[in-house]
Amino acid sequence: MCAMARPRKPLLSTDRIVRTARELVDREGLAAVSTRRLAAELGVSGPSLYNHFRTKDEILEAVADSVSALVDLSMFEDGRAWRTALRDWAVSYRAALRAHPNIVPVLARGPGRRPAALRVADAAYGAMVDAGWPPAQATSIGALMRYFIMGSALGSFAGGFVDDASAYDPADYPHLGQAHLLAEQQEKIDERAFETGLSALLDGLAQQYERVRQEA
């Protein structure tokens with residue numbers, strides 16, 4: 001009688017390590033990630049991770065880049081007007097970050113050497129230059145949009161208010177009588193705030209663009 005073959009463990013790969021690390025970051029935050037913890041999650045010995053990543057920081061960089069890879073860049077390639085492209089990109093970028101908010105502090109350091117993050121920066125910058133923005137202003141637009149999008153993904157404005165009316169004594173906070181209701185409408189308020197801010201940014205950029213075109 002032939003002995004039954006033992007079930008094989010999934011092969012350890014870079015993609016599997018990154019996927020598992022991202023799931024761990026999503027569940028428990030950056031502080032939960034260590035090579036020992038990650039090895040346990042993967043069911044392997046700690047040293048085996050070093051065949052793929054030298055340090056915990058390298059793993060987190062790879063996780064961050066895997067989130068950057070989720071950002072849609074097609075709007076910069078299919079002929080959309082620069083303003084429409086920026087809006088669509090901002091919405092996609094924010095959606096990727098909101099799905100993985102715990103990795104945003106790593107992303108906020110800048111692209112570094114991360115390939116997907118550099119592709120994001122290259123696509124946005126290139127599209128603005130191609131649309132007629134001077135290179136210096138195209139750089140500023142990329143920075144401005146990144147600040148706004150990442151800031152909007154770091155936390156919830158509405159969720160920062162407690163739902164206890166007694167916390168907002170009218171003697172101290174005469175204009176916050178309804179603040180305890182904000183948390184109930186958290187998603188709606190945060191979405192509206194993002195749309196308001198994005199429209200204001202794009203309106204302002206459109207005015208600058210007209211001046212740039214006139215001067216050119």
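The values are calculated or read from the model by the stated rules, or taken from the named source; none is laboratory data. Keep in mind that what you see is a predicted model, and the values were worked out from it rather than measured. Cβ placement follows ideal geometry from the backbone for every residue including glycine, while neighbour counts extend to all protein chains displayed. Ligands, DNA and RNA are excluded from the accessible area calculation, which covers all protein heavy atoms including side chains. Shrake-Rupley method; radii C 1.70, N 1.55, O 1.52, S 1.80 Å.
For the set Glu41, Glu77, the ranking by accessible area, highest first and with no ligand, DNA or RNA atoms included, is Glu77, Glu41 under a 1.4 Å probe. Here the spin labels are modelled as points 7 Å beyond Cα on the Cα-Cβ line, and at Ala206 and Ala143 they lie 2.6 nm apart.
For Tyr125, the solvent-accessible surface with a 1.4 Å probe is about 90 Å², rounded to the nearest 10. Across region 147-152, coupling constants 3J(HN,Hα) worked out from phi with the 6.51/-1.76/1.60 Karplus curve, θ = phi - 60°, read 4, 5, 5, 5, x, 5 Hz, and Gly and Pro carry x. Dimensions of the chain from C-alpha coordinates, computed as largest minus smallest value along each principal axis and given longest first, are 81, 56, 32 Å. Distant-in-sequence amide contacts of Val162, defined by a placed amide H-H separation under 5 Å and a gap of 5 or more residues or a different chain, comprise nothing. A crude spin-label estimate for the pair Ala31 and Arg109, with each label 7 Å from Cα along the Cβ direction, gives 1.9 nm.
Approximating the spin labels as points 7 Å out from Cα along Cα→Cβ, the Lys188-to-Asp57 distance works out to 4.6 nm. With Cα atoms defining each centre, region 158-182 and region 24-47 are spaced 39 Å apart in the structure. Converting phi to 3J(HN,Hα) with the Karplus coefficients 6.51, -1.76 and 1.60 and the offset θ = phi - 60°, region 163-179 yields 8, 9, 4, 5, 6, 10, 4, x, 5, 9, 10, x, 10, 10, x, 10, 4 Hz in sequence order, with x at every glycine or proline. Ligands, DNA and RNA are left out, and with a 1.4 angstrom probe the accessible area of region 1-128 is 57 Å² per residue.
Gly159: net charge of surrounding residues, Cβ under 13 Å, Lys/Arg +1, Asp/Glu -1, itself excluded? Residues near Gly159 contribute -3 overall.
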